[in-house]
1. About the Cα centre, and with charges only on the beta carbon of Lys, Arg (+1) and Asp, Glu (-1), how big is the dipole of the stretch 273-372? Nearest 20 debye, please.
2. Considering amide H positions built from the backbone, and no H for Pro or chain starts, which residues 5 or more places from Glu360, or on another chain, come under 5 Å of its amide H?
3. With all protein chains present, how much of the accessible area of the chain (probe radius 1.4 Å) comes from carbon and sulfur, to the nearest whole percent?
4. Can you give the charge dipole size of the chain about its Cα centre, rounded to the nearest 20 debye, using +1 on the beta carbon of Lys and Arg and -1 on the beta carbon of Asp and Glu?
5. Based on the mean of other Cβ atoms within 10 Å per residue, sort peptides 268-276, 349-357 so the most packed one is first.
6. What are the extents of the Cα atoms of the stretch 46-176 along their three principal axes, in Å, largest first?
7. Amide H neighbours of Phe281 under 5 Å, counting only residues 5+ apart in sequence or on other chains, H built in-plane at 1.01 Å?
8. Calculate I(q)/I(0) for the chain by the Debye formula, one identical point scatterer on each C-alpha and no solvent, and give its log10 at q = 0.06, 0.07, 0.12 Å⁻¹ to two decimals.
Amino acid sequence: MIQIKPVIDHHSICNYCTHPVYNSKIIWQGIHVCVHTICEQCNKEYIEDLGVGHATYLPYKVELSGYVLTGDEKAKKWLGEPFRKSLQNPILDSEITFKIKKKNESKKVIILNCIDYLYGHSLLKLLNAQREHEDNHDLALIVVVQKALEWMVPEFVAEVWTVNIPFKHARNYYPSLNEAITNELERFDQVYVSHAYSHPSKFNIENFTGVSCYRHEATAQPRISFIWREDRFWINNYYISKAVQKYPNLGNFTKPILYYQNWKVIRLFKILRKSFPDHVFTVVGLGDTGKFPGWIDDCRVRNFNKDTESLTCQIYSQSQIVIGIHGSNMLIPSAHAGMTLDLMPMDRWGNYAQDILFQEFNNRMASYKYRFVPIGIKIKAVADITKFQMRGYNHFSIQMNEDAIKTKTMELL
């Protein structure tokens, strides 16, 4: 964590004269938690990332006289440049507010900023709440979160600050938000900011959703679930997928693709149904294009709210396996389901496993439970992999944990 009050724990040098800069004030850009710095030698001014979120390993710095950006080249397009442009073009005519829910009062706090332009990024930042709560007993935890994730904030959080910024506008810089947060911080004597790591590992998903993970012995009728989305398709065509991401309102153009996806899901389930006739076959996710036969439980929704999110998590927790296209749509399902099969678009292999919330820390068991295959793989092959993955789990689990089981038995004897 980084202290920002009563002093700002940040050290940097000037880009031009390499003289140390001094910290002027904290800037709450939105996604970025920054510090305004001034060179003691040549008076150059900067806005610099603190080590929060992706800036823990990809920090950026903007020199204010010409809005010159410095930082790692590989993330400039999606992280650095939007940051620079937001500072250069602040949104002055939009009143950003946040709702404050107080549970506990304290003069010493740590703030977890979960604001982001992608749902998955925001969710992953939020999962840092458990580590901060458990590791910093002397500090009250404040979570800054967008409305869509407010329902997942754990009960142990002292204050929840819900901002009215939709994901698609979260890259902007709103001076009114910066002013509002700055004013709120006057209540506290000591303030720290969480690093909000982009891929935390120390969390129990039940603390966030209120829903436990899949337990085979406790599930009367397990599900096999497909995670549906209508902006990333089960097709092996990079150009179509990119076009839809860039132009989300293509309307009738996507209909045939979605009907094809609908057919593929039905075909996959028909094959699996022969091997698992007692399972419930479920389609769950966002959207409603296409129809499914009566034996498939269509649990898709047109929009998510607290009630539909909670119900959907219950379905994930009843799923022996979830199958879906790589993306943030796989985060919560993977955290609740017994196993996953992730269909990987060709351009996403560099983001391998970033959409999975691992609940298994035995290396061999994790490689068995969480699988990744090319999105262009044939339906029959997907069905075969799923079939053997499900059938072999119990035997594989005994094999991989045999030494621990026998050691425990000997201890009891």
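The values are calculated or read from the model by the stated rules, or taken from the named source; none is laboratory data. The model shown is predicted, which means the values in this text are computed figures rather than measured ones. So basically every Cβ, Gly included, is an ideal-geometry build from the backbone, and we count neighbours across all protein chains shown. Note: areas computed on protein heavy atoms with side chains; ligands, DNA, RNA excluded. Shrake-Rupley method; radii C 1.70, N 1.55, O 1.52, S 1.80 Å.
1. Rounded to the nearest 20 debye, it is 220 debye.
2. HN-HN under 5 Å from Glu360: empty list.
3. Carbon plus sulfur share of accessible area: 51 percent.
4. Numbers: 48 positive and 42 negative charges, 375 e Å.
Once rounded to the nearest 20, the dipole reads 1800 debye.
5. 268-276, 349-357
6. 44, 32, 28
7. Hits under the 5 Å cutoff: Ile224, Asp297.
8. -0.29, -0.39, -1.04
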